[in-house]
Amino acid sequence: MFERIANILIYQLAGLSPDTATGQALHFFLMDVIKIFVLLVVIIYVMGLLRALLSPEKVRQFVRGKPTWLARTLAILLGAVTPFCSCSSVPLFIGFVEAGIPLGVTFSFLIASPMINEVAVIILAGILGWKLASLYVLAGLTVAYIGGIVMERFKPEKWVESYVWKIQMGEMQTPETDNSLKGRHYYAVTEVKEIVGRIWKWVVIGVGVGALFHGFVPERWVSAYLGGDDWYTVPIAVIMGVPLYSNATGVIPIAEAMLGKGVALGTVLALMMSIAALSLPEMLILRKVIHWKALALYAVVLSIAFTLVGWGFNLIA
């Protein structure tokens, strides 16, 4: 359906040819914009109906007091099914510290939360298939679990900003939740407006970058620099993701275009993870609660993890 709409608007009404770079790029852009935003609205609304009782406060309350291995697992799973992104990192970090949750567990949550969420996974599956979506989720969960353990080994408590430790318990209160059908509908609609309003520009930018890549970047260039199985393609992809700010949803069209040009699967996965969890804006936000030493360690751990994931999947593929 989405492709048919794009065909009519671009190839018939606009009169562009599917054999031209401009026609291909605009067709890719329009089809993905329509598809992603329709899926975003529907999925966020449905999940909002089911998630009216879930809040950052209840996430940390649920994790607090559990054995470390269980707390880490729960934190990662909760991070994967909650719509929190890097803009929520500071209050979530403070809330987890305030609740007495180990910092290693907190870092596992912070890795999983922007990188994996059910909205992005469903859209990823709808565009690129469940196989790739499953691989991405598996790799993300593994990186979050091991990354948190590695961070914990370095005792990062000494690198947390002093004001974080001074925050008193009970300052962040959970508002009353209306559990009626009308209340859940209102909550779901609010979720749609808030999340779509927060990420729409990054989705459009991501689709735009993907469209330009799809239409104008020659396949021979991709094959020469990113399409092969040379060891350096994965680290390059990880580095490329640092200056790009998006979320797991916005990076999907870029991955789609790269895979269509023949870029190796592991290289694409490494780029997706880097953009979602290692971008420069994400680092600057986290700097508000941790010192540069912890931030550098966090970046190094994730960079190594994403590179290993990329190499591993390229080797398997």
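The values are calculated or read from the model by the stated rules, or taken from the named source; none is laboratory data. A quick note: this is a predicted structure, and the numbers were derived from the prediction, not measured. Positions of Cβ are backbone-derived with ideal geometry, glycine not excepted, and every protein chain shown enters the neighbour counts.
For segment 47-87, the candidate set comprises residues that are surrounded by 18 or more Cβ atoms within 10 Å (Cβ to Cβ) and small (Gly, Ala, Ser); within that set, the residue that is modelled with the highest pLDDT is Ala71. Trp292 falls short on exactly one of the conditions (1) without any contact (Cβ under 8 Å) to a residue 12 or more places away in the chain; (2) crowded, with 20+ Cβ neighbours inside 10 Å; (3) among the aromatic types (Phe, Trp, Tyr), and that condition is (2).
Residues that are part of a loop (DSSP other than H, G, I, E, B) and at pLDDT 85 or above within segment 228-246 comprise just one, Tyr232.
If the condition is being surrounded by fewer than 24 Cβ atoms within 10 Å (Cβ to Cβ) and modelled with pLDDT of 85 or more, then segment 266-289 contributes no residue at all. Against the numbered list (1) at pLDDT below 80; (2) part of a helix (DSSP H, G or I), Glu157 comes up short only at (1).
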